[in-house]
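K.L.:
Here it is, the structure in full.
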Amino acid sequence: MNLSDNQVNVLMRNLIRARHFDEMMVRRMMQGRLIGFYHPAEGHLAPGVGACSFLNRDDNMNPHHRGHGMPHMLSKNIPMHTYLAEHTGKATGCCEGRSAFHFSFPDDKVYQMSGFIGHNFAPSVGWAWAAKRRGQGQVVMNCSGDGSYGQGRAHEAMLMAANWKLPMVFLCENNGMSIFASASEMHPTENVSSLASGFDMPAVVVDGQDVFAVAEAVLEAIERARTGGGPTFVEAKCLRFREHDIGTPDLEGWEDRSDEALAHMREREPVRVATERVLAEGLMTQDQIDALNEEALAEVADVEAFADESPIARPPVAELEAAVFAGGSSS
Ligand SMILES: Cc1ncc(C[n+]2csc(CCOP(=O)(O)OP(=O)(O)O)c2C)c(N)n1
Ligand SMILES: [Mg+2]
């Protein structure tokens, strides 16, 4: 593979961390120890890790909602202590326990996690425009699912980014599903990235179960963006092993997804795929991988202890009201 030993190590480490964090989030959700909901990322970890492990701190990033952006954020070295504390409504959370899933890490250039599919496109274009004007080589990593490309704003963003040669990467995490709808029901072409050709934007389709394949494609796209070559569309074909969010039935259309199909998918679990590759190519040893697992489990335990021991956020109502920019009602 076209990656240095250090890059392979970083990717393997972040992938293993992401798997243990995802397992922890699922466990806590089932125990009623998370605020809100959780969109599990089991099986669907490699795109976020591959895309975000080599970003600089001052590169903007919009995380995808799967895994609540956790694979992306831990790869961008965002503090997971305050991430989990936020998800548990604690005063030590990144937004002082007021946001749950709608967090923000401004010092790390992650400004939002919205509940609106496609929310990411307009701010990403704005940040990329600002980055181009600043001229300091920043890039914007815009991560979202196949479903988000049904939004009109996705097409406007691609047009502006391509036309103005903005330093941006469109990472499409295509798991072939949008809740219960299959991608074939939503898109007329097999590859969502074929949209990019309409804007004369370079596009590549990669195996989204293989973190190294994602990283190779993304590194090339980042290099193009940093050196004035404009945006790239990277489509990572990936798999979602579990239901859309914990507690929702796991349907495709009106039917349960079949046990056979899920068992078949599990053969391509991303840590398994990566482990097989590094061992076969002599890039790491099993002992090194075991050590990464131990390190990740210890990190998860430490992060959980921090969240559990932190005080519950109890902001006064006046303070909450002062933090609301706009409000509305649909009734
Ligand atoms: C504007 C908008 N429409 C619909 C929804 C409901 N919704 C939440 S997640 C989702 C599917 C998103 O699919 P995709 O972007 O492919 O991501 P995935 O969940 O498959 O990882 C939908 C339709 C929403 N949150 N926002
Ligand atoms: Mg999807």
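Bear in mind that the values in this text are calculations on the coordinates, not laboratory data. Keep in mind the model is a prediction, meaning the values are calculated, not measured. Quick reminder, even Gly has a Cβ in these numbers, built from the backbone with ideal geometry, and neighbours come from all protein chains shown.
K.L.:
So, Gln138, is that one assigned to a loop (DSSP other than H, G, I, E, B) and more than 15 Å from ligand 1 (Cβ to nearest atom) or not?
P.N.:
yes
K.L.:
Something else now. Pairs only if they're at least six apart or on different chains, beta carbon under 8 angstrom, first in region 129-146 and within 16 Å of ligand 2 (Cβ to nearest atom), second aromatic (Phe, Trp, Tyr); list them, first residue then second.
P.N.:
If the second residue must be aromatic (Phe, Trp, Tyr), the pairs left are Asn142/Phe121; Asn142/Phe170; Ser144/Phe121.
K.L.:
Next up: If you check Gly89, Gly97, Gly69, Gly93, which single one turns out to be of a type outside the set (Val, Ile, Thr) and under 24 Å from Glu243 (Cα atoms)?
P.N.:
When all the criteria are applied, what remains is Gly69.
K.L.:
Residue under question is Arg153, and the condition is that it be within 16 Å of ligand 1 (Cβ to nearest atom), part of a helix (DSSP H, G or I) and farther than 13 Å from Met201 by Cα; does it hold?
P.N.:
Criteria met by Arg153.
K.L.:
Restricting the search to region 159-191, which residues are more than 9 Å from ligand 1 (Cβ to nearest atom), hydrophobic (A, V, I, L, M, F, W, C) and surrounded by 24 or more Cβ atoms within 10 Å (Cβ to Cβ)?
P.N.:
Within region 159-191, Ala161, Met168, Val169, Phe170, Leu171 meet the criteria.
K.L.:
Being small (Gly, Ala, Ser), farther than 21 Å from Glu321 by Cα, surrounded by 20 or more Cβ atoms within 10 Å (Cβ to Cβ) and in contact with a helix residue (DSSP H, G or I) (Cβ under 9 Å, 6 or more places away or on another chain) is the requirement here; does Gly67 meet it?
P.N.:
Answer is yes for this residue.
K.L.:
Same structure, new question: Looking at region 95-111, I want the residues that are of a type in the set (S, T, N, Q) and have a partner that is surrounded by fewer than 18 Cβ atoms within 10 Å (Cβ to Cβ) with Cβ atoms under 8 Å, at least 6 apart or on another chain. Which pairs are those?
P.N.:
Here the result reads Ser104/Cys95; Ser104/Tyr111; Ser104/Gln112, each pair linking region 95-111 to a residue that is surrounded by fewer than 18 Cβ atoms within 10 Å (Cβ to Cβ).
K.L.:
Which condition from (1) part of a helix (DSSP H, G or I); (2) under 23 Å from Gly208 (Cβ atoms) is the one that Gly118 breaks?
P.N.:
(1)
K.L.:
Phe116 - would you say it is in contact with a Cys (Cβ under 7 Å, 6 or more places away or on another chain) and either among the β-branched types (Val, Ile, Thr) or free of Cβ contacts under 8 Å to residues at least 40 places away in the same chain (or both)?
P.N.:
no
K.L.:
Could you tell me which numbered condition Val234 fails, if it satisfies all but one of (1) hydrophobic (A, V, I, L, M, F, W, C); (2) surrounded by 19 or more Cβ atoms within 10 Å (Cβ to Cβ); (3) part of a loop (DSSP other than H, G, I, E, B)?
P.N.:
(3)
K.L.:
So for region 201-214 (the condition being assigned to a helix (DSSP H, G or I), in contact with a Gly (Cβ under 8 Å, 6 or more places away or on another chain) and within 16 Å of ligand 2 (Cβ to nearest atom)), does at least one residue qualify?
P.N.:
Taking every residue of region 201-214 in turn, at least one turns out to be assigned to a helix (DSSP H, G or I), in contact with a Gly (Cβ under 8 Å, 6 or more places away or on another chain) and within 16 Å of ligand 2 (Cβ to nearest atom).
K.L.:
Could you list, in sequence order, all residues of region 31-51 that are closer than 17 Å to Val205 by Cα and in contact with a Lys or Arg (Cβ under 9 Å, 6 or more places away or on another chain)?
P.N.:
Of everything in region 31-51, those that are closer than 17 Å to Val205 by Cα and in contact with a Lys or Arg (Cβ under 9 Å, 6 or more places away or on another chain) turn out to be His44, Leu45, Pro47, Gly48, Val49.
K.L.:
Taking region 8-57 as the search range and keeping residues that are small (Gly, Ala, Ser) and assigned to a loop (DSSP other than H, G, I, E, B), which one is nearest to Ala91 (Cα to Cα)?
P.N.:
Only one residue tops the list, namely Gly36.
K.L.:
Here is a follow-up. Collect the residues in region 156-185 that are aliphatic (A, V, I, L, M), under 30 Å from Arg133 (Cα atoms) and either part of a helix (DSSP H, G or I) or out of contact with any strand residue (DSSP E or B) (no Cβ under 8 Å at 6 or more places or on another chain) (or both), keeping them in residue-number order.
P.N.:
Residues satisfying the conditions are Ala157, Met158, Leu159, Met160, Ala161, Ala162.
K.L.:
Only one residue in Asp259, Asp200, Asp245, Asp250 is more than 16 Å from ligand 1 (Cβ to nearest atom) and more than 20 Å from Met160 (Cβ to Cβ), so which one is that?
P.N.:
Asp259
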